[in-house]
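The values are calculated or read from the model by the stated rules, or taken from the named source; none is laboratory data. What you are looking at is a predicted structure, and each value in this text was computed from that prediction instead of being measured. Positions of Cβ are generated from backbone atoms using ideal geometry, with glycine treated the same way; all protein chains shown enter the neighbour counts. Note: areas computed on protein heavy atoms with side chains; ligands, DNA, RNA excluded. Shrake-Rupley method; radii C 1.70, N 1.55, O 1.52, S 1.80 Å.
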Number of protein chains: 2
Amino acid sequence: MLAFLTTDAAVPVPLLRNVLQQSSDRSFNAVTVDDHTSTNDTAVILASGLSGASVESSRDIAKFSASLGEVCESLAYQIAADGEGATKVVKVCVQRALTESDARTIARAIANSPLVKCAMNGNDPNWGRIVSAAGLCDVPFDPDRATLTLQRTRVFHRGGPVRFDAKKVSTSLDDTQVDVVLNCNLGDRDATVWTCDLSKQYVTINADYHT
Amino acid sequence: MLAFLTTDAAVPVPLLRNVLQQSSDRSFNAVTVDDHTSTNDTAVILASGLSGASVESSRDIAKFSASLGEVCESLAYQIAADGEGATKVVKVCVQRALTESDARTIARAIANSPLVKCAMNGNDPNWGRIVSAAGLCDVPFDPDRATLTLQRTRVFHRGGPVRFDAKKVSTSLDDTQVDVVLNCNLGDRDATVWTCDLSKQYVTINADYHT
């Protein structure tokens, strides 16, 4: 990944660095196709100042930060959408974990699980694979407190599945974006990770391509 | 995974527990299909003492321990071989890491990499994916010191690929067991992890099967 961002605003270097780091953590560092990173994964931002506008007041900073965040999120989203063999983007939101690091660990485990990714490919509302991916992380998580929704339909609540129309949820999963929301109900920290599904096309690309 | 082991020897409980733990670490805990574990993964050993033979001397203990280790390894091997859609077992040996934990972390990262597993499925001697999987672990690893062999053919040595007959190595990878050996050349600790390749059949099984 090589991300080059430019702005014609004048932004002080320390501020620019800070805002890029924050934006990256919620975008480039929150996207995974197959958990492989590269030593040349890079995000660079250049501020020319050519427009004459400068980012100084806290209102300016908030606005600039939000805009940069939007751009980075869009780019990260495109990485997931362009994942090898991807048919859809899967947005994994883990809510109310004890710490942000816990939330991120759980979200990444779900997003990287080949079982979950295959279920997404097959439009299978397989709550068991998602909850068990969360459960096998070495961070506090209690299925008896957790609630899972797929495309805004509740499928699991406090230790067990709830009655839901499997056919309807399956049809709703047949979309270009799928929302997986796991509420841990343990604390007040959230994290979002974007990934894509795992398709036969992924295997074709990566098994048949030779170096 | 539910593993039930029995012996008709008489073995003191603390010894039995100890030996099973050691054997499990090098077998059941060293096998991965898609990194998913289950809360019901279990290994149990029962010693009836019915044979009248008892395990007491250090020679007996060593012999019993070796035999149990062999049985557990065989069972773990069968789990990898029986992985969903598996066409081959991949044995990942990481040698000369700084610590055993580092060696295990690197071996698991290689064994769980979808990119590596697809390369194995396609008989692709793709050293880059293996070395980069090692490199993205958060443990000491220096590609400039490392050597990688596939089926006993050296393909990477101290920072770069070596000349090898790609067709010949690819043919050698078309086997029911593939040996991946990564020598880190940093310390003196080793670890072995068993896994299987990632095939289109894995996706078929896990995308088309609905709960």
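Scanning segment A:140-160 for residues that are part of a strand (DSSP E or B) and more than 22 Å from the chain's Cα centre (by Cα) turns up A:His157, A:Gly160. If only residues of segment A:109-145 that are modelled with pLDDT under 95 and hydrophobic (A, V, I, L, M, F, W, C) are counted, the one that is least open to solvent (accessible area, probe 1.4 Å) is A:Cys137.
Cβ separations smaller than 6 Å between residues 6+ apart or across chains give the following pairs from segment B:93-105 residues that are touching a residue at least 40 places away in the same chain (Cβ under 8 Å) and closer than 16 Å to B:Ile130 by Cα to residues that are basic (Lys, Arg) and surrounded by fewer than 19 Cβ atoms within 10 Å (Cβ to Cβ): B:Ala97/B:Arg189; B:Ala103/B:Arg189. Residues in segment A:46-64 that are part of a helix (DSSP H, G or I), surrounded by 11 or more Cβ atoms within 10 Å (Cβ to Cβ) and not basic (Lys, Arg): how many? Of the residues in segment A:46-64, 4 are part of a helix (DSSP H, G or I), surrounded by 11 or more Cβ atoms within 10 Å (Cβ to Cβ) and not basic (Lys, Arg).
Working only within segment A:161-211, note down all residues that are more than 23 Å from the chain's Cα centre (by Cα), in a helix (DSSP H, G or I) and of a type in the set (Ser, Thr, Tyr). If the condition is that a residue be more than 23 Å from the chain's Cα centre (by Cα), in a helix (DSSP H, G or I) and of a type in the set (Ser, Thr, Tyr), then A:Thr204 is the only one that fits.
Counting the residues of segment B:1-45 that are in a loop (DSSP other than H, G, I, E, B), closer than 22 Å to B:Ala191 by Cα and open to solvent by 40 Å² or more (accessible area, probe 1.4 Å) gives 6. Just one of the listed residues (B:Asp35, B:Asp25) is within 14 Å of chain A (Cβ to nearest Cβ) and under 13 Å from the mean Cα position of the chain (by Cα), and it is B:Asp35.
When restricted to residues that are in a helix (DSSP H, G or I) and in contact (Cβ under 8 Å) with a residue 12 or more places away in the chain, segment B:106-127 contains 15. Only one of these conditions is not met by B:Cys72: (1) surrounded by fewer than 16 Cβ atoms within 10 Å (Cβ to Cβ); (2) in contact (Cβ under 8 Å) with a residue 24 or more places away in the chain. Which number is it? If we test B:Cys72 against (1) surrounded by fewer than 16 Cβ atoms within 10 Å (Cβ to Cβ); (2) in contact (Cβ under 8 Å) with a residue 24 or more places away in the chain, just (1) comes out false.
Scan segment B:194-208 residue by residue and report those that are open to solvent by less than 40 Å² (accessible area, probe 1.4 Å) and closer than 20 Å to B:Asp124 by Cα. Scanning segment B:194-208 gives B:Trp194, B:Thr195, B:Cys196, B:Asp197, B:Leu198, B:Ser199, B:Tyr202, B:Val203. When residues in segment A:154-171 are screened for being open to solvent by 40 Å² or more (accessible area, probe 1.4 Å) and farther than 20 Å from A:Ile106 by Cβ, 8 of them pass.
Scanning segment B:177-193 for residues that are open to solvent by 40 Å² or more (accessible area, probe 1.4 Å) and β-branched (Val, Ile, Thr) gives a single hit, B:Thr192.
Within segment B:189-211, residues that are more than 12 Å from chain A (Cβ to nearest Cβ) have Cβ atoms under 9 Å from residues that are polar (S, T, N, Q) and part of a strand (DSSP E or B) in these pairs: B:Arg189/B:Gln95; B:Asp190/B:Gln95; B:Ala191/B:Gln95, counting only partners at least 6 apart in sequence or on another chain. The single condition among (1) free of Cβ contacts under 8 Å to residues at least 24 places away in the same chain; (2) crowded, with 17+ Cβ neighbours inside 10 Å that A:Leu148 does not meet is (1). Just one of A:Thr105, A:Thr99, A:Thr42 is on the phi < 0 side of the Ramachandran plot, within 14 Å of another protein chain (Cβ to nearest Cβ) and of a type outside the set (A, V, I, L, M); which is it? A:Thr105 is the lone residue from the list that is on the phi < 0 side of the Ramachandran plot, within 14 Å of another protein chain (Cβ to nearest Cβ) and of a type outside the set (A, V, I, L, M). When you go through A:Leu150, A:Leu115 one by one, which is the residue that is more than 14 Å from A:Asp190 (Cβ to Cβ) and in contact with a strand residue (DSSP E or B) (Cβ under 8 Å, 6 or more places away or on another chain)? Sole residue among the options that is more than 14 Å from A:Asp190 (Cβ to Cβ) and in contact with a strand residue (DSSP E or B) (Cβ under 8 Å, 6 or more places away or on another chain): A:Leu150. Among the residues of segment A:117-139, those that are more than 9 Å from chain B (Cβ to nearest Cβ) and touching a helix residue (DSSP H, G or I) at 6+ places or on another chain (Cβ under 6 Å) comprise A:Ile130, A:Ala134, A:Cys137, A:Val139.
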